[in-house]
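The structure under discussion appears below in the form of structure tokens.
The values are calculated or read from the model by the stated rules, or taken from the named source; none is laboratory data. Fair warning: this is a prediction, and the values are worked out from it, not measured in the lab. Don't worry about glycine lacking a Cβ; one is built from the backbone with ideal geometry, like all the others, and counts go over all protein chains shown. The area values use the complete protein model at the heavy-atom level, side chains included, leaving out ligands, DNA and RNA. Shrake-Rupley method; radii C 1.70, N 1.55, O 1.52, S 1.80 Å.
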Amino acid sequence: MSTYETVLVERPDPHVARIVMNRPAARNAQNLQMTYDLNAALDAAALDDSVKVIIVAGSGPHFSGGHDLRATTKNQAGEDFPPIGNWGGFREPEAHGRFAREQEIYLQMTRRWRNLAKPTIAEIQGKCFAGGLMIAWACDLIIAADDAEFCDPVVTLGVCGVEWFVHPFELGPRKAKELLFTADAWSANEAHRLGMVNQVVPAAELSTYTLAMAKRIASKPAFALKMTKEAVNRAVDATGQQTAIDQAFGLHQLCHAFNMQQFGIVVDPAGLHPSFRDTVKKA
Ligand code: ZN
């Protein structure tokens, strides 16, 4: 089994792979290394025919605090990691390079996780914020601990929500606007009430409950599971979800370009925690 710098892969059952984001000191914030580690681990589980169900979890008290804004000045998409897409333009300045980068590491990456041809279950405790939501939403099922919190605070940063824009589909348009406009953190029970979360369980039982469900699903025929996932995803695609995501991604890039012109930085600095202001990438 491969090992990864920022991700652990466990096999709690012969038919279940449990992929654990492992940067607990950083609240499992996704730097580029973690994005590509997660992608490689998901690919390996997808291609391993003994695996029928994949759990995506986070070590420590939080699932994921989002994208690691502090880390964006280090590794470069398309250079330090071979790209998964063929968009190119990673070295181009300003909007061109930014579009290329975010298209690669957020939009295409999340889309390929969402389309992975085996059932995936997000196992969520603590904070599931911004980019953390993107990972959770890419999974087929979401099991939340009763201490889980969900939040997309990106409007505060002068941008119209995270790059994988499925909020209206996950929450309904009116509640999606509330989540985005207010940037409030919502409880597991509220997310469950809205249909975004499948089950809420006591935090101490989260992993055992999730594994038991994974095993129950893994007892079904592998091909039927793949076709079922595909059938539901195609139904969702038929609503125009993929087109809506691409439209919102374009508006997201417009927000970055606006902030760049206005403030010389891709987000509105008024919304940044002071400790981030000098470290967020300038372009
Ligand atoms: Zn962005």
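Points to keep in mind about this one:
- All positions within segment 243-277 that are within 15 Å of the ligand (Cβ to nearest atom) and over 24 Å from the mean Cα position of the chain (by Cα): F258, M260, F263
- Residue within segment 70-79 that is open to solvent by 30 Å² or more (accessible area, probe 1.4 Å), part of a loop (DSSP other than H, G, I, E, B) and at pLDDT 95 or above present: no
- Count of segment 58-69 residues which are crowded, with 17+ Cβ neighbours inside 10 Å and in contact with a strand residue (DSSP E or B) (Cβ under 8 Å, 6 or more places away or on another chain): 8
- Of L116, L133, all but one fail to be within 16 Å of the ligand (Cβ to nearest atom) and within 30 Å of K215 (Cα to Cα); the exception is L133.
- Look at (1) free of Cβ contacts under 8 Å to residues at least 60 places away in the same chain; (2) assigned to a helix (DSSP H, G or I); (3) closer than 28 Å to M213 by Cβ and you find that A46 fails only one, number (1).
- Taken over segment 159-197, the criterion of being more than 19 Å from E149 (Cβ to Cβ) and in contact (Cβ under 8 Å) with a residue 12 or more places away in the chain is satisfied by V159, C160, E163, F165, P168, F169, G172.
- With respect to the stated conditions, M34 fails to be modelled with pLDDT under 95 and either in a strand (DSSP E or B) or farther than 22 Å from P221 by Cα (or both).
- Of all residues making up segment 1-32, the number that are open to solvent by 20 Å² or more (accessible area, probe 1.4 Å) and under 16 Å from I55 (Cα atoms): 10
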